There are 2 protein chains.
Amino acid sequence: MSIITLAHGSGGLEYRELLEKILFPKVKLKATPGGRGLDFEEDSAIIRLDSNRLIAVTSDSYTVKPIFFPGGDIGKLAACGTINDLAVMGAKPLAFLDTIVVREGFRIRDLERIFKSMITVLEKYSISLIGGDLKVMPKGSLEDIIITTMGIGVVERGKLITNDGLKPGDVLIINGGVGEHGAVILAMQLGIDVGRLKSDCSSILDVVELASKYCKIHAAKDPTRGGLAMALNELAEKSKVGIIVYEDRIPVREEVEAICEMAGIDPLALACEGRVILGVPREYAENIVEELRGKGYKDASIIGEVTRENPGRVILETSIGSHRLILPPTGELVPRIC
Amino acid sequence: MSIITLAHGSGGLEYRELLEKILFPKVKLKATPGGRGLDFEEDSAIIRLDSNRLIAVTSDSYTVKPIFFPGGDIGKLAACGTINDLAVMGAKPLAFLDTIVVREGFRIRDLERIFKSMITVLEKYSISLIGGDLKVMPKGSLEDIIITTMGIGVVERGKLITNDGLKPGDVLIINGGVGEHGAVILAMQLGIDVGRLKSDCSSILDVVELASKYCKIHAAKDPTRGGLAMALNELAEKSKVGIIVYEDRIPVREEVEAICEMAGIDPLALACEGRVILGVPREYAENIVEELRGKGYKDASIIGEVTRENPGRVILETSIGSHRLILPPTGELVPRIC
């Protein structure tokens, strides 16, 4: 391994190897005292403020191509992605910084539209945009635009949600169909008609808040790069539990299946940008799903459960009752998906 | 104005117009309650934690070309730049996140070297790297690498330094020669031999700490994009004071002057990446400069003073005693300088 490949950007195995074997070993200070940082590889890092309050911080770069797509654009994606990284930790987002790198010759009208999309999402949740940066690169050195966001939220110690919290007996809920963002981006990159399909790009803050009224959420994860396959594997590995999911309960829209068939890709490996997997005690699951459906999440479903057996593994029970392992995706399925 | 030009990335007038006239008016929530955000355009935003403690946060994207240069590389630059944005607010840096966007085909050895440079600076100041992101873009869509950093620090309310704090009678100190980073980058882009000149890329945290032992620092600013000319104009404008600086006291190395002459650029408009302008009460200035010189900042100097006259203006007294206005630079002097 001597050069960077697209697979290193996939969020999958190669990505984790590059980070865990090559970059992270160079870092001695991986967290602030009492906090959670690089070692945990959660969606946000945690800084301990005082005995009761924690700050959650997250940072991501968005390079999606195309920058405008059905259901959103790079600005909406950046805002939602960052809010979601805070929300899955149980944090309430407070403030936001954005740095924009744009190429010379980019249309200011497009920049305005992207910026407006981002602000619209932030203001819906009363999140302040408190700072950032803007750089311009000459023609030929950057295709269009990269947005990097930094989100800051607060979380009470007792409400922190982490990936190691799943317990045998928990059930897993998802708030909607999988792979819709990935399918839209993939189809557009391949020149396939997306029909009425839209990216699921949206904030899942409401979903986490709704569920947390019922119970302490044991784990929450948004299945972005690497899709449901990657997210479930991370949860199983970090919580040291087995996971079984049922093929006929995982909501996949027809259009997503059609695009995946044409491209030869598993929908479970395709990124979502507005979905969250919640691990909750069994007794609350039905009520949470029912309320989610009532609130417009029509495809919200219980997709599986957590087992003591097969720790670290994710098993799919197919519609005919057979079982197969779901592995973390390898290679780069769709470049520049987010 | 319908497309982005290199001048929009300069940190100068066009940059401020794009932000202040086009983007910022779309934002309603520009700060968290009791904090300082977009409206202040300081080097860091401020979030109020409680009545006594503030959090400083900053985010910047680094696109410098070439990525390796005498005196540093894009990793060292990213770490120092972010530390400096916190330091000029009087904040103590605590934690750091970095997101790296790199092109397919980039050498992993170069990525390691850049990452190591960044970590070396952070660990020198006991700053933890707590999170981040890595994305890969296909060949042809990004030239090499972009690093975006997010720095988080804490500052006691009484120690917050802001750009509006200069007072008539204050004197202005700089900790070393101006324009050395800009001159190195410019020369390399033009293919001019840089000789023994190195970028001044370094942290100015020690400098601010040293000065703050003597007195409350009234204002601190690192003259990056737009150089001393931009930084002094911002200080004069925000503090509503006049500034006079003396040409023969501003340290400019011969090599910087030679490169500027060849390129037809004013050294006062060239970026520094390891310099800070401190505004302090006159009675402490000599001692501060003396201690700085003793600590290895051999070119540290008192370069000027703050006046009640000419508020918002920066005047240069030349070596022959004539006066001229120093204006904020316009246009893009050096693309991808940081």
- On the formula 1/(1 + (r/R0)^6), with r taken between the Cβ atoms of A:Glu17 and A:Thr318 and R0 of 35 Å, the FRET efficiency rounded to 0.05 is 0.70
- Note on the structure: Taking B:Tyr15, B:Tyr284 and ranking on accessible area (1.4 Å, protein atoms only), highest first, one gets B:Tyr284, B:Tyr15
- Signed unit charges on C-beta, dipole axis of chain B, positive-most listed residue B:Phe40, B:Leu232, B:Leu210: B:Phe40
- Kindly report, to the nearest 10 Å², the accessible surface of B:Glu254 as traced by a 1.4 Å probe over protein heavy atoms only. 150
- Zone of A:Leu210's modelled label, taken as backbone nitrogen in segment A:289-309 under 12 Å from a point 7 Å along Cα→Cβ: A:289-301
- ³J(HN,Hα), Karplus 6.51/-1.76/1.60, whole Hz, each residue of segment A:223-237, x for Gly, Pro: x, 8, 3, x, x, 4, 4, 5, 4, 5, 5, 5, 4, 4, 5
- Query: Which one of B:Leu129, B:Val64, B:Ser51 has its Cα pushed farthest toward the positive end of the charge dipole of segment B:31-159, where Lys and Arg give +1 and Asp and Glu give -1 at the Cβ?
  - Reply: B:Leu129
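Given contacts defined as C-alpha pairs under 8 Å and at least six residues apart, what's the relative contact order of segment A:31-159, whole-number percent? Intermediate results must be reported in sequence, preceding the final value.
Working: 246 pairs, mean separation 45.5, N = 129.
Computed value for segment A:31-159: 35 percent relative contact order.
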- What accessible surface, in Å², does a 1.4 Å probe find on A:Thr120, ignoring ligands, DNA and RNA and rounding to the nearest 10? 80
- How much length is gained on full extension from A:Thr330 to A:Asp164, taking 0.36 nm per residue of separation minus their Cα-Cα distance? 57.5 nm
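Viscosity 1.306 mPa s, temperature 10 °C: give me the Stokes-Einstein translational D for segment B:46-186 in µm²/s, with Rh taken as the Kirkwood radius over C-alpha pairs.
On the way: Rh = 16.7 Å.
For these conditions, the coefficient is 95 µm²/s.
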- Label points for A:Tyr214 built 7 Å along Cα→Cβ; distances to same position in the other copies, nm, shortest first, come to 6.4
- Note on the structure: With every protein chain kept in place and a 1.4 Å probe, the residues A:Leu327, B:Leu160, B:Leu235 fall, from largest accessible area down, as A:Leu327, B:Leu160, B:Leu235
- Item | Stretch gain in nm, segment B:Asn287-B:Ile3, where the contour uses 0.36 nm per residue and the Cα spacing is subtracted | 97.3 nm
- Query: In what sequence, largest accessible area first, do A:Ile302, B:Ile146 appear using a 1.4 Å probe?
  - Reply: A:Ile302, B:Ile146
- Looking at the protein assembly as shown, what % of the alpha carbon pairs are farther apart than 38 Å? 34
- Item | Distant-in-sequence amide H partners of A:Met137 (H built 1.01 Å from N, under 5 Å) | A:Val102, A:Arg103, A:Glu104
- Which one of A:Pro311, A:Asn287, A:Phe96 is farthest out on the positive end of the charge dipole of chain A, using unit charges on Cβ (Lys, Arg +1; Asp, Glu -1) and the Cα centre as origin? A:Phe96
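Only four residue types carry charge here, +1 at the Cβ of Lys and Arg and -1 at the Cβ of Asp and Glu. Report the dipole size of chain B about the Cα centre in Debye, rounded to the nearest 20. All intermediate terms of the calculation are to be shown ahead of the outcome.
Numbers: 41 positive and 47 negative charges, 183 e Å.
The calculated dipole for chain B is roughly 880 debye.
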- Under the Karplus relation 6.51 cos²θ - 1.76 cosθ + 1.60, θ = phi - 60°, what is the ordered set of whole-Hz ³J(HN,Hα) values for segment B:67-72, x standing for Gly and Pro? 7, 10, 8, x, x, x
- Note on the structure: Across B:Ser117, B:Ser141, B:Ser239, the residue with the highest GNM fluctuation in chain B (Cα network, 10 Å cutoff) is B:Ser141
- Message: Just to confirm my numbers, what's the Cα centroid distance between segment A:1-56 and segment A:147-190 in Å?
- Response: 17
- Rounded to the nearest 20 debye, dipole of the protein assembly as shown from Cβ charges on Lys, Arg, Asp, Glu: 960
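For segment A:240-318, what value does the Rg/Rh ratio take when both radii are computed over Cα atoms and Rh is the Kirkwood radius, given to two decimals? Write down the numbers at each step before the final one.
Numbers: Rg = 14.1 Å, Rh = 14.2 Å.
Expressed as Rg/Rh, it is 0.99.
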- Task: Could you pull the copy-to-copy label distances for A:Asp50, with points set 7 Å along Cα to Cβ, in nm to one decimal and sorted shortest first?
- Result: 0.2
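Would you mind telling me the antiparallel percentage of the DSSP bridges in segment B:48-150, rounded to 5?
Working: 13 of 22 bridges.
Bridges in segment B:48-150 that DSSP calls antiparallel: roughly 60 percent.
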- Task: Search the structure for amide H atoms under 5 Å from the amide H of A:Ala300, placed 1.01 Å from N in the peptide plane, and list their residues when 5 or more places away or on another chain.
- Result: none
- Query: Using modelled backbone amide H atoms (1.01 Å from N, in-plane), which distant-in-sequence or interchain residues come within less than 5 Å of A:Thr224's amide H?
  - Reply: A:Cys272
- Message: With a 1.4 Å probe and all protein chains kept in place, how much accessible area does A:His8 have, in Å² rounded to the nearest 10?
- Response: 10
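To the nearest µm²/s, what D does Stokes-Einstein give for segment B:171-325 at 4 °C and 1.567 mPa s, using the Kirkwood radius over alpha carbon pairs as Rh? Intermediate values should be presented prior to the final figure.
Working: Rh = 15.6 Å.
D, rounded to a whole number, is 83 µm²/s.
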- Query: What are the distances, in nm and sorted shortest first, from the label point of B:Gly34 to the label points of the same position in each other copy, with each label point placed 7 Å from Cα along the Cα-to-Cβ direction?
  - Reply: 1.8
- Task: Extending each Cα 7 Å along its Cβ direction at A:Ala258 and A:Arg157, get the distance between those two points in nm, one decimal.
- Result: 5.4
- What's the center-to-center distance, using Cα atoms, between segment A:93-110 and segment A:234-275 in Å? 31
- Query: Roughly how many debye, to the nearest 20, is the charge dipole of segment B:31-159 about its Cα centre, given +1 on each Lys and Arg Cβ, -1 on each Asp and Glu Cβ, and no other charges?
  - Reply: 280
- On alpha-carbon atoms, Rg over Rh for segment B:281-338 using Kirkwood Rh? 1.07
- Message: I'd like the Karplus ³J(HN,Hα) series for segment B:98-112: coefficients 6.51, -1.76, 1.60, θ = phi - 60°, whole numbers in Hz, and an x wherever there's a Gly or Pro.
- Response: 9, 10, 10, 10, 9, 8, 3, x, 5, 6, 4, 4, 5, 4, 4
- What does the convex hull of the alpha-carbon atoms of chain A project to on average, in nm²? 17.7
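The values are calculated or read from the model by the stated rules, or taken from the named source; none is laboratory data. Worth saying up front: this structure is predicted, and the values here are computed from it rather than measured. All Cβ positions, glycine included, derive from the backbone under ideal geometry; neighbour counts span all protein chains shown. The area values use the complete protein model at the heavy-atom level, side chains included, leaving out ligands, DNA and RNA. Shrake-Rupley method; radii C 1.70, N 1.55, O 1.52, S 1.80 Å.
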